[in-house]
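Comments concern the structure below.
The values are calculated or read from the model by the stated rules, or taken from the named source; none is laboratory data. Here the structure is a predicted model, which is why all the values come from computation and not from measurement. Please note: Cβ atoms are built from the backbone with ideal geometry, for glycine as well, and neighbour counts cover all protein chains shown.
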Amino acid sequence: MTTQLATALAQQAEQWGEASRHATEKAKAILATLILPQTITKYEIERYYRKAHRTQAWRNLPKEARALIQAARKTIKTKVRSPTLHTTLTKIFLQIELHTLKAKALLKAITKLLTTPLTHTLTHSKNLLARLLVIGLNEGDDYFTSWGTW
C-alpha cells in the first residue's frame, strides 16, 4: 500500500515538474517577445554588452556566448541579417535580461498567469507590462521579505 502511494506521489510530482518546466519555458518565450528588440543592430549588441557587465551577467554567460557577443560587436556594422545569428543572440540577450529585477518579476508574473486562470483580467488591460510588473513584484519574493519590515 505504501509503495503504491509512493509511486503515485512520485508520478504526480514528475507531472507537476514537467508542467512547471513547460510553463517556465513558455513564459520565457513570452518575456522575450515583450522586452527584447525585434531587430538586432550594432547599437543593441553594444547596449547588451554593457548591460551584461553592469548586472554581473557577463561572468555567468558561457564562454561561447561571450565570444559571440565580442565578435558581433567587432564585425556587425548595421544590423543582424542572419536568422540563425539573430535567434542565438536573442537567447543570449534573454539570459542577460534575466539577471535584472524587472525581468525576474515579469517572468514570475507570466509564469503565475500561465498556471492560474487570471489571464482574462489582463487581456483587457491597457498597460499590460505595468500590471505584470506589479504582479511579479507583489508575489512573495524572498528578495523583498528578507529585508524585514519597511
Inset, instruction - Residue by residue through region 21-44, note down the ones that are in contact (Cβ under 8 Å) with a residue 24 or more places away in the chain and more than 17 Å from residue 91 (Cβ to Cβ). - result: 23, 41, 42
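Taking the condition of being without any contact (Cβ under 8 Å) to a residue 40 or more places away in the chain, assigned to a helix (DSSP H, G or I) and surrounded by 13 or more Cβ atoms within 10 Å (Cβ to Cβ), how many residues in region 45-77 meet it?
Taking region 45-77 as the starting set, the residues that turn out to be without any contact (Cβ under 8 Å) to a residue 40 or more places away in the chain are 46-47, 49-50, 53-54, 58-77.
Filter once more, so that each one left must be assigned to a helix (DSSP H, G or I): 46-47, 49-50, 53-54, 58-60, 63-75.
If we keep only those that are surrounded by 13 or more Cβ atoms within 10 Å (Cβ to Cβ) too, we end up with 46-47, 49, 58, 60, 65-66, 68-69, 72-73.
Of the residues in region 45-77, 11 are without any contact (Cβ under 8 Å) to a residue 40 or more places away in the chain, assigned to a helix (DSSP H, G or I) and surrounded by 13 or more Cβ atoms within 10 Å (Cβ to Cβ).
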Legend entry - Members of region 20-50 found to be more than 23 Å from residue 81 (Cα to Cα) and either modelled with pLDDT of 95 or more or among the hydroxyl-bearing types (Ser, Thr, Tyr) (or both), listed by number: 20, 24
